[in-house]
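A short write-up of the structure that comes next.
What follows draws every value from the coordinates through simple rules; no lab data is involved. Predicted, not measured: the structure shown is a model, and the values here were computed from it. Every residue, glycine as well, gets a Cβ built from its backbone with ideal geometry; the counts of neighbours run over all protein chains shown.
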2 protein chains.
Amino acid sequence: MRPTSLDLSIGQPSLMPDTEPFEAATQWIREHGCPYPPYNGLPELRAAIATIYGGRNHTNADNVCVTNGSQEAIYLAIKTLLEPGRDEVLVVNPGYPSYPRCCALEGIACRDVKAQARDGFRIRASALLEALRPETRMIILGSPANPSGALLMQDDIDELARELTNRPGPPVMVVVDEVYRELTYAANPYPSMADAYPYTYIVQSMSKSCALTGLRVGFLIGPEDGVSLATRAHMLMLMSVSVFSQRVALEIVRKPERLRAHVPWYAAQRASMLEAAAAGDVPIIEPDGAFYTLVRLPERWRNDSLGAAHALLDEQDVVTVPGFLFGSQGEGYLRVSWSADPTSVRDGFARIGRFVQA
Amino acid sequence: MRPTSLDLSIGQPSLMPDTEPFEAATQWIREHGCPYPPYNGLPELRAAIATIYGGRNHTNADNVCVTNGSQEAIYLAIKTLLEPGRDEVLVVNPGYPSYPRCCALEGIACRDVKAQARDGFRIRASALLEALRPETRMIILGSPANPSGALLMQDDIDELARELTNRPGPPVMVVVDEVYRELTYAANPYPSMADAYPYTYIVQSMSKSCALTGLRVGFLIGPEDGVSLATRAHMLMLMSVSVFSQRVALEIVRKPERLRAHVPWYAAQRASMLEAAAAGDVPIIEPDGAFYTLVRLPERWRNDSLGAAHALLDEQDVVTVPGFLFGSQGEGYLRVSWSADPTSVRDGFARIGRFVQA
């Protein structure tokens, strides 16, 4: 990467956050000091988050633990709800690499289930159900997913909930990473697993919707007994989440329209990205949500997305993420972010067009 | 505990923090947004912390990982530097209960070494050295310690460093929780294990020195290879620490006199606490540091500090922490905090005097 490079690799918003919540939180510190918050988070914040994201099944403050970003919520679910040597996790391929890495850190077996390009890499309930084994105790998926932007669709939610409910043995937990939920363009209302299935754990965060990746406020939302187990480990791991960051989050959920304030900007970005991809003849997986798209590489790079990413940088000075990092199904693709400024995105897709057509 | 109760159980400062660093951090957010900080923390903050707390051995930014409070630093040291089933940890009795609990969470064997009341519960190098077994790989202690306020003294540091250095086999790591280091009254300069022994890990935080328990900024400071291992787990556990909190911490270390701004207040508190204890004929362990003291219970409560804490609440409406929670050597004592306002502390010791003399 050079100083001149067009960076379309970034995994965070380029928008600036609203600073009013920071000013309100600073005022709170002036009045109250900076004391320990409760281990599991501010009650008012947890109650609001349960209402917004808990679906039909997780409606109370005690269904929520405030975590240090969504990363800690994922880690806690894996660490505290599963037993090494006994339980197995299913993840989607392609998918966010942190899920299998957290499993590896905790000694939890993890197997992947392939999503198909012909489905826009949307994971199908049938694929997940076929992959189940007696030892499978958890399914982790993103919706919208990173890197594909694919949603878990309502039909698949219904089928998954029905079949998992009817399955004998201990319940299979479903962890849905919903950090890009606000940035969903293809389905309305958002298809919520938490509405359909009581053993759902939702992972949320303020990072993407509000351009606050550095705030480190996330949420684990789920059945009370599981959230309470997770909270006990959370307390020993790091005590609690910054009371300042939680006050910022509380200001946001008190005016929940703030969670969707950036949506029109992203919708416009997506439209102009689709236009630029069409203009440059760039073959892409059209994303349901988030701010990424997968660009399909030409035949000569089909087994070498790393080489393609290097060549694209050399030849066109554009930075992207090679798809193999997200699993074998990501090989043959580049993940291109369209959260940069509109000019960079347009220019970037023109250059990618020249690269894939060369 | 009643609304009227005098609360001398608290484990955090009653002082208000300086809010100037919060205003500067908010200004930074206005200018830069709220992006992901580096996994291991802001380089400038890490460099400053190494200079202030790293001693002779850990002087570079890469000797530091910024953690979510000192709690995460302790947890990371236990989780990432030891192997379950092989390694053993020594902790001091009485001591902070989180150390053995974090060991238990990670399946690490933990054994305690008794500090003696006749030494003011200062741990002696000889006691630690006698307790070593071939499988002992880490010693964790607080200096000043919670609950006793006892320091690890310079003579013991010298002996420990010399004997551990001469010991054959893999080095024994020494983790020193220095969160109360700024609040040291009995030794000057502060006796630093990191100066004497290269396999020292220092745990630090902004919580106690700056009345910022809710900020959740701590530090693991140690050999680069160990800190780098810890950082990898830290990244998967929670990605990074709030960039806002780190900017607040950076403002503080840029004017490091801020770290000691509250010291005169605590020194005066300690003097008036000692006076009140003497006036009320309350037998105490005179603390070297921190803001606690251990009150020795009369014979009838010698084996029931929990009962004593309840009786003290019933009879005199004072809240304290029963010593047994800090290990068997804490039995027969109450931990009394003197970080509350001066009037409460004076009044509290008068009431405790009536209780122990009754």
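Under the convention of a label 7 Å out along Cα→Cβ, give the distances in nm from B:Met1 to the same position in every other copy, shortest first.
4.7
Starting from the exponent 0.38 and prefactor 2.2 Å, build the expected Rg for the stretch A:293-358 from its residue count and divide its actual Cα Rg by it. If you can, show how the numbers build up before the last one.
On the way: Rg = 11.0 Å, N = 66, 2.2 N^0.38 = 10.8 Å.
With N residues counted in the stretch A:293-358, Rg over 2.2 N^0.38 Å equals 1.02.
Of the beta bridges DSSP finds with both residues in chain A, what % are antiparallel, to the nearest 5?
Working: 18 of 39 bridges.
The antiparallel proportion sits near 45 percent.
So for the stretch A:20-256, taking the charge dipole from beta-carbon charges (+1 Lys/Arg, -1 Asp/Glu), which of A:Ile157, A:Ala73, A:Tyr199 sits furthest toward the positive end?
A:Ala73
For label points placed 7 Å from Cα toward Cβ, what is the shortest-first list of nm distances from A:Asn60 to its copies?
When each copy's label point is compared with this one, the spacings are 5.3 nm.
Can you quote the Å³ per residue value for the convex hull of the Cα atoms in the stretch A:20-256, rounded to an integer?
Details: hull volume 26.8 nm³, N = 237.
Hull volume normalised by residue count: 113 Å³.
If each label sits 7 angstrom from Cα along the C-beta direction, how far apart, in nm, is B:Gly107 from its counterparts in the other copies?
Inter-copy label distances (nm, one decimal, shortest first): 0.2.
Spelling out what I want: for every residue of the stretch A:99-113, take phi, set θ = phi - 60°, compute 6.51 cos²θ - 1.76 cosθ + 1.60 (Karplus), and round to whole Hz; glycine and proline get x.
Karplus-based 3J(HN,Hα) across the stretch A:99-113 equals 4, x, 5, 5, 4, 4, 4, 9, x, 9, 5, 9, 10, 9, 10 Hz.
Enter the mean number of other protein chain beta carbons within 10 Å of the beta carbon of each residue in B:63-76, as an integer. Mind dumping the intermediate values first?
Working: counts 0, 0, 0, 0, 1, 9, 7, 2, 6, 5, 1, 3, 5, 2.
Per residue, the average neighbour count from other chains is 3.
What's the average, rounded to a whole number, of partner chain beta-carbon atoms within 10 Å of each residue's beta-carbon in A:22-34? Before the final figure, lay out each step's value.
Numbers: counts 10, 5, 0, 3, 6, 2, 1, 10, 5, 2, 2, 11, 17.
For peptide A:22-34, the averaged partner shielding equals 6.
How big is the charge dipole of the protein assembly as shown about its Cα centre, in debye rounded to the nearest 20, if each Lys and Arg gets +1 on its Cβ and each Asp and Glu gets -1 on its Cβ? Before the final figure, lay out each step's value.
Working: 66 positive and 82 negative charges, 26 e Å.
So the dipole magnitude of the protein assembly as shown works out to roughly 120 debye.
Over all alpha-carbon pairs in the stretch B:216-295, figure out the percentage whose distance exceeds 20 Å. Write down the numbers at each step before the final one.
Details: 1855 of 3160 pairs.
Value for the stretch B:216-295 (Cα pairs over 20 Å): 59 percent.
Cross-link list B:Lys79/B:Lys114; B:Lys79/B:Lys255; A:Lys79/A:Lys255: which exceed 27 angstrom alpha carbon to alpha carbon?
Details: B:Lys79/B:Lys114 24 Å; B:Lys79/B:Lys255 33 Å; A:Lys79/A:Lys255 33 Å.
Over 27 Å apart, Cα to Cα: B:Lys79/B:Lys255; A:Lys79/A:Lys255.
At a 4.7 angstrom Cβ threshold, list every cysteine in chain A that has nobody to pair with, or say none.
A:Cys34, A:Cys65, A:Cys102, A:Cys210
Rg and Dmax of the stretch A:105-244 over Cα atoms: what are they, in angstrom?
Answer for the stretch A:105-244, Rg first and Dmax second: 15.8, 45 Å.
Starting at the first residue of the stretch A:274-288, write each ³J(HN,Hα) from the Karplus equation 6.51 cos²θ - 1.76 cosθ + 1.60 with θ = phi - 60°, in whole Hz, x for Gly and Pro.
Once θ is set to phi - 60°, the couplings for the stretch A:274-288 become 4, 4, 5, 5, 5, 4, x, 6, 9, x, 10, 8, 5, x, 6 Hz.
For the stretch B:74-160, with the dipole built from +1 on Lys and Arg beta-carbon atoms and -1 on Asp and Glu ones, taken about the Cα centre, which of B:Val91, B:Gly142, B:Gly107 lies farthest toward the positive end?
B:Gly107
Rounded to the nearest 500 deg cm²/dmol, what is the calculated helix-only ellipticity per residue at 222 nm for chain A, with -39500 (n - 2.57) per DSSP H run of length n ≥ 4?
On the way: 12 runs with 141 residues, N = 358.
When only DSSP H runs of four or more count, the value is -12000 deg cm²/dmol.
Within 10 Å of each Cβ of A:228-241, how many other protein chain Cβ atoms are there on average? Walk me through the intermediate numbers first.
On the way: counts 0, 0, 0, 0, 2, 2, 1, 4, 12, 12, 16, 12, 6, 7.
Mean partner shielding for this stretch: 5.
Taking 20 °C and 1.002 mPa s as the conditions, I'd like the Stokes-Einstein D for the stretch B:171-212 in µm²/s, using the Kirkwood hydrodynamic radius from alpha carbon pairs.
Numbers: Rh = 11.3 Å.
In µm²/s, the coefficient is 190.
I need the Kirkwood Rh of the stretch A:1-143: take the reciprocal of the average 1/r across all distinct C-alpha pairs and report it in angstrom.
Details: mean 1/r = 0.0535 Å⁻¹.
One decimal place: 18.7 Å for the Kirkwood radius.
Of all DSSP beta bridges located in the protein assembly as shown, what percent are antiparallel, nearest 5?
Details: 36 of 78 bridges.
Counting only bridges with both partners in the protein assembly as shown, antiparallel ones make up about 45 percent.
So what's the stretch A:1-64 giving for Rg/Rh, alpha carbon basis, Kirkwood Rh from the mean inverse pair distance?
Working: Rg = 18.2 Å, Rh = 15.5 Å.
Reported Rg/Rh, Kirkwood definition of Rh: 1.18.
Scattering from the C-alpha atoms of the protein assembly as shown alone, worked out with Debye: what is log10 I(q)/I(0) at q = 0.07, 0.09, 0.10 1/Å?
So the normalised log intensities are -0.52, -0.83, -1.00.
In whole Å, how far is the Cα centre of the stretch A:76-120 from that of the stretch B:294-347?
48 Å
Evaluate the relative contact order of chain A (contact order divided by residue number), counting alpha-carbon pairs under 8 angstrom at least 6 apart; express in whole percent.
Details: 753 pairs, mean separation 89.3, N = 358.
After rounding, I find 25 percent.
Just how large is the dipole of chain A about the Cα centre, in debye to the nearest 20, putting +1 at every Lys and Arg Cβ and -1 at every Asp and Glu Cβ? Walk me through the intermediate numbers first.
Values: 33 positive and 41 negative charges, 41 e Å.
In total the dipole reaches around 200 debye.
Can you sort B:Lys79, A:Lys255, B:Lys208 from fewest to most other Cβ atoms within 10 Å of each residue's own Cβ? If you can, show how the numbers build up before the last one.
Working: B:Lys79 23, A:Lys255 12, B:Lys208 27.
The most exposed by this proxy come first: A:Lys255, B:Lys79, B:Lys208.
Are there any trypsin sites (Lys or Arg not before Pro) in the stretch B:233-338 that are in a DSSP loop and have at most 13 other Cβ atoms within 10 Å? List them by number.
Loop-located and lightly packed - B:Arg302.
Below 19 Å, Cα to Cα, which aspartates and glutamates can A:Lys208 reach? Residues fewer than 8 away in the same chain don't count.
Cross-link targets: A:Asp7, A:Asp18, A:Glu20, A:Glu72, A:Asp177, A:Glu178, A:Glu182, A:Glu251, A:Glu257, A:Asp288, A:Asp341, B:Glu31.
Please list, by residue number, every one of the trypsin sites (Lys or Arg not before Pro) in the stretch B:24-78 that is coil in DSSP and has at most 12 other beta-carbon atoms within 10 Å. Intermediate results must be reported in sequence, preceding the final value.
Details: sites: B:Arg30, B:Arg46, B:Arg56; in loops: B:Arg56.
Here the trypsin sites (Lys or Arg not before Pro) that fit, given the DSSP loop and packing criteria, are B:Arg56.
Can you tell me the dipole magnitude for the stretch B:64-133 around its Cα centre, using point charges on the Cβ only (Lys, Arg +1; Asp, Glu -1), in Debye to the nearest 20?
Working: 9 positive and 8 negative charges, 52 e Å.
With Lys and Arg at +1 and Asp and Glu at -1, about 240 debye.
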